[in-house]
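Reading through the structure tokens given below for one structure.
The values are calculated or read from the model by the stated rules, or taken from the named source; none is laboratory data. None of these values were measured; they are calculated from a predicted model. Cβ placement follows ideal geometry from the backbone for every residue including glycine, while neighbour counts extend to all protein chains displayed.
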Amino acid sequence: MTSTDQRTAIVTGAARGIGKEIAERLARDGLAVAVADLDSMREELDGVVQGIERSGGRSIALTADVSDPEQVNALVRDTVQRFSKLDVFAANAGIAAVNPLLDTTLDELDRLVRVNLYGVFNSYQAAARQMIEQGTGGKIIGAASIAAHKGFEMLGGYSVTKWGVRGLTQVAAQEWAKHRITVNAYCPGIVGTAMWDLIDEKMTEQSGEERGTALRRFSEMIALGRVEEPNDVASFVSYLASRDSDYMTGQSVLIDGGILYS
Ligand SMILES: NC(=O)c1ccc[n+]([C@@H]2O[C@H](COP(=O)([O-])OP(=O)(O)OC[C@H]3O[C@@H](n4cnc5c(N)ncnc54)[C@H](O)[C@@H]3O)[C@@H](O)[C@H]2O)c1
């Protein structure tokens, strides 16, 4: 296989958590992977790249704040310069905030929207432009959540952004189908990452309960009886990135161990 035959991917928010697992999985699937995150995560990013390379994969670390379209455009440009083309973009980067609506400030809402919604919009747009120019089609994948299917108390701002990702994914899928680009989103449930550490910390702070209580309470909703692992999400993203999912587009699919049913 020449380097131009190898499929290539960008994964944002890939320094840790779900994004790291997606990057490692796509590399195992044989893709060359650009792992991207904030500049402050440089050390963790380099660790992900080293891990992929040790396992025989191809990878580069790039930094980009997804809320800035210029940085996302540069991320695509640098990836294409290094790997020749772009086949898959996993717009995974996201942040959470925990607050009742009455205490949610516009500043907080703005921060969530900039990263979780504008970040995905910037990523979808930059990826689609590159794929259209290549004429190769491609796979665009976004991070939504169970909170894109049901609003959760204390996660109002977060839910707003994830519902937005779902709408964006439906429109992008329709507009770009003629370019053989599919656009789908994954909707994890309760994944044991730094994000849930924060949610549990803030929820228990608000309720006065012991740390861990909120995670336990939410986990009781999971039919399969265990907290989700990043790998549970990554194996589904692997499918979305593969040719096996060629006939699927515009979907925001629950992968939550059985919390919500749609
Ligand atoms: N953890 C869960 O239970 C859960 C559930 C549903 C959906 N999700 C979604 O999955 C995605 C990954 O979540 P996670 O649990 O791995 O979170 P995480 O906090 O462990 O990792 C998120 C990564 O995104 C990066 N990031 C944050 N802001 C960024 C920005 N502006 N530009 C670039 N990178 C940025 C962070 O530095 C971090 O490395 C998020 O979109 C999240 O909303 C997570």
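For the range 157-169, which residues satisfy the criterion of being away from the ligand (no atom under 14 Å from the Cβ) and surrounded by 16 or more Cβ atoms within 10 Å (Cβ to Cβ)?
In the first step, residues of the range 157-169 are kept if they are away from the ligand (no atom under 14 Å from the Cβ); the result is 167.
The answer is none; no residue qualifies.
Is there a residue in the range 117-139 that is not in a helix (DSSP H, G or I) and not small (G, A, S)? Scanning the range 117-139, I find at least one residue that is not in a helix (DSSP H, G or I) and not small (G, A, S), so the answer is yes. Give the residue that is surrounded by the fewest Cβ atoms within 10 Å (Cβ to Cβ), with candidates limited to residues of the range 117-156 that are over 17 Å from I255 (Cα atoms) and among the charged types (D, E, K, R). Here the residue is E153.
Within the range 245-262, is there a residue that is under 19 Å from L26 (Cα atoms) and more than 19 Å from the chain's Cα centre (by Cα)? Within the range 245-262, one or more residues are under 19 Å from L26 (Cα atoms) and more than 19 Å from the chain's Cα centre (by Cα). Say whether the condition of being loosely packed, with under 14 Cβ neighbours inside 10 Å, modelled with pLDDT of 95 or more and of a type in the set (G, A, S) is met by at least one residue in the range 223-234. Yes - at least one qualifying residue is present in the range 223-234. Every test in (1) under 19 Å from I141 (Cα atoms); (2) at pLDDT below 95; (3) not acidic (D, E) is passed by S3 save one, and that test is (1).
Among the residues of the range 213-244, which ones are among the small types (G, A, S) and in contact (Cβ under 8 Å) with a residue 60 or more places away in the chain?
Keep residues of the range 213-244 that are among the small types (G, A, S), which gives 214, 219, 223, 225, 234-235, 238, 241-242.
Once the filter is applied, which keeps residues that are among the small types (G, A, S) and in contact (Cβ under 8 Å) with a residue 60 or more places away in the chain, the range 213-244 yields A234, S235, S238, A241, S242.
Each residue in the range 21-46 was checked for being within 14 Å of the ligand (Cβ to nearest atom), over 20 Å from V76 (Cβ atoms) and touching a residue at least 12 places away in the same chain (Cβ under 8 Å), and 5 pass.
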